[in-house]
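S.K.: Next up is a structure, given as structure tokens.
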Amino acid sequence: MIHFLLLLVCAVAIYLSCEWFVNAVEWLGERLKVGKMAVGTILAAFGTALPESVVTLVAVTSGGTEEAKNIGVGAAMGGPLALATVAYGVTGAMLLLKRRKERAAALVTAGVGAAGAGPDALPATPKEQALGSADDMKRLAKDQAWFLPIFIVKVALGLVAFAFKPALGLLFFAAYAVYFWREIRSDQGGDEEGEELEPLKLQPKAASPATWAVAAQTLATLAVIFFASHLFVKQLDAIGPMLGLSASVTALLLSPVATELPEIMNAVIWVRQGKTKLALANISGAMMIQATVPSGLGLLFTTWHFDHALLWSGVITTVAIGYLLATMRARSLTPGRLAVAAGFYAVFALGLLPVLA
């Protein structure tokens, strides 16, 4: 019972700290004079992906056995899978829910609900609109187009063995450095949504909070997110056997979702605030970190050899990103189609059962 209670406490702590984090990171972006999209793809993504990268670093450098080091390899593969499926899917579901509430509120305002009209008298549900403008879709598609070839190379390296494979880990760090530079350069001076920032929660009465307060709130919330996330994962590890799940199933099915919970919470909060572009940018930016930094560490310090379960996760991630990239390039990505991405995780789960049997 204590594990379930701690699980709930950790989830609440992560959500509340993420609310303070997204508030602080928007002010941090304003202080550093970076554009709105870079706040999501670089600042927020780096902050929330840092704990998982540290976990991978510790696992691959201090693991006493090859099996212990492979925990880091699993984390490097599970992170992108959870983001490409669950995180995008939850964001789509939240957008659907938000639009449904907005439509219901509009009907009440117009007096349709108060008139006691029957269902036939209600106006038809409008056709679901694509997310963002053509430029927004082009920008998001570019992020996925960067991620996909890097991820495919990452998976391919897990199937082969050669002497200088560890040295290729440095290329993954270089790939993220190039992405980081591109994001900062392409987002300067543009893409502003024009809304005023909410007051910093640490200084709610200040029109322009002190820089030290912005930094303190950012670092403090990251610390809470880090420790709460790891405590959350430990509770899942304990609950899994209680539910009859093996350690391997828990590690591949539940732990990746738990470690990416901060990114998911950030997306939920930003969608609730009407900042969809920031929500999607946070996920795509976190995916780029997960595709490069943990992979580079894994290549440098492990054999980077995939079993069937890891290969299956790579296949599902690739298919999910291919689906999202196709809809983005066709400018037909709607909340409903975004929510469909979560279905790929269900496919992964079903395909994983015979692999682990």
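S.K.: Considering the range 334-349 alone, what residues qualify as being buried (at least 22 other Cβ atoms within 10 Å of the Cβ) and among the small types (G, A, S)?
M.R.: A341
S.K.: Sticking with this structure for a sec: Can you confirm whether L280 is in contact with a Gly (Cβ under 8 Å, 6 or more places away or on another chain), surrounded by 20 or more Cβ atoms within 10 Å (Cβ to Cβ) and closer than 19 Å to N23 by Cβ?
M.R.: yes
S.K.: Report every pair of residues separated by at least 6 positions or lying on different chains whose Cβ atoms are under 9 Å apart, first residue within the range 83-111 and free of Cβ contacts under 8 Å to residues at least 60 places away in the same chain, second of a type in the set (S, T, Y) and not in a helix (DSSP H, G or I).
M.R.: Taking only residues 6 or more apart or on different chains, the pairs are R103/T125.
S.K.: crowded, with 19+ Cβ neighbours inside 10 Å and free of Cβ contacts under 8 Å to residues at least 40 places away in the same chain, is that true of T327? Steps first, please.
M.R.: Working: crowded, with 19+ Cβ neighbours inside 10 Å: yes; free of Cβ contacts under 8 Å to residues at least 40 places away in the same chain: yes.
Spelling it out, T327 is indeed crowded, with 19+ Cβ neighbours inside 10 Å and free of Cβ contacts under 8 Å to residues at least 40 places away in the same chain.
S.K.: Here is a further query. Determine whether A330 is in contact with a Leu (Cβ under 8 Å, 6 or more places away or on another chain) and small (G, A, S). Even if it seems obvious, please write down each step before you answer.
M.R.: Working: in contact with a Leu (Cβ under 8 Å, 6 or more places away or on another chain): no; small (G, A, S): yes.
Criteria not met by A330.
S.K.: Exactly one of (1) surrounded by fewer than 22 Cβ atoms within 10 Å (Cβ to Cβ); (2) out of contact with any Asp or Glu (no Cβ under 8 Å at 6 or more places or on another chain) is unmet by L297. Its number?
M.R.: (1)
S.K.: Suppose the filter is under 22 Å from A156 (Cα atoms), within 19 Å of the chain's Cα centre (by Cα), crowded, with 24+ Cβ neighbours inside 10 Å and not acidic (D, E); does I321 pass it?
M.R.: The answer is yes for I321.
S.K.: Out of (1) surrounded by fewer than 16 Cβ atoms within 10 Å (Cβ to Cβ); (2) at pLDDT 80 or above, what's the single condition that is false for L202?
M.R.: Answer for L202: the failing condition is (1).
S.K.: Could you look through the range 275-306, keep only residues that are within 20 Å of I264 (Cβ to Cβ) and among the β-branched types (V, I, T), and pick out the one that is farthest from the chain's Cα centre (by Cα)?
M.R.: Ranking the qualifying residues of the range 275-306, first place goes to V293.
The values are calculated or read from the model by the stated rules, or taken from the named source; none is laboratory data. Source: prediction; values computed, not measured. Note: ideal-geometry Cβ built from the backbone for every residue, glycine included; neighbour counts use all protein chains shown.
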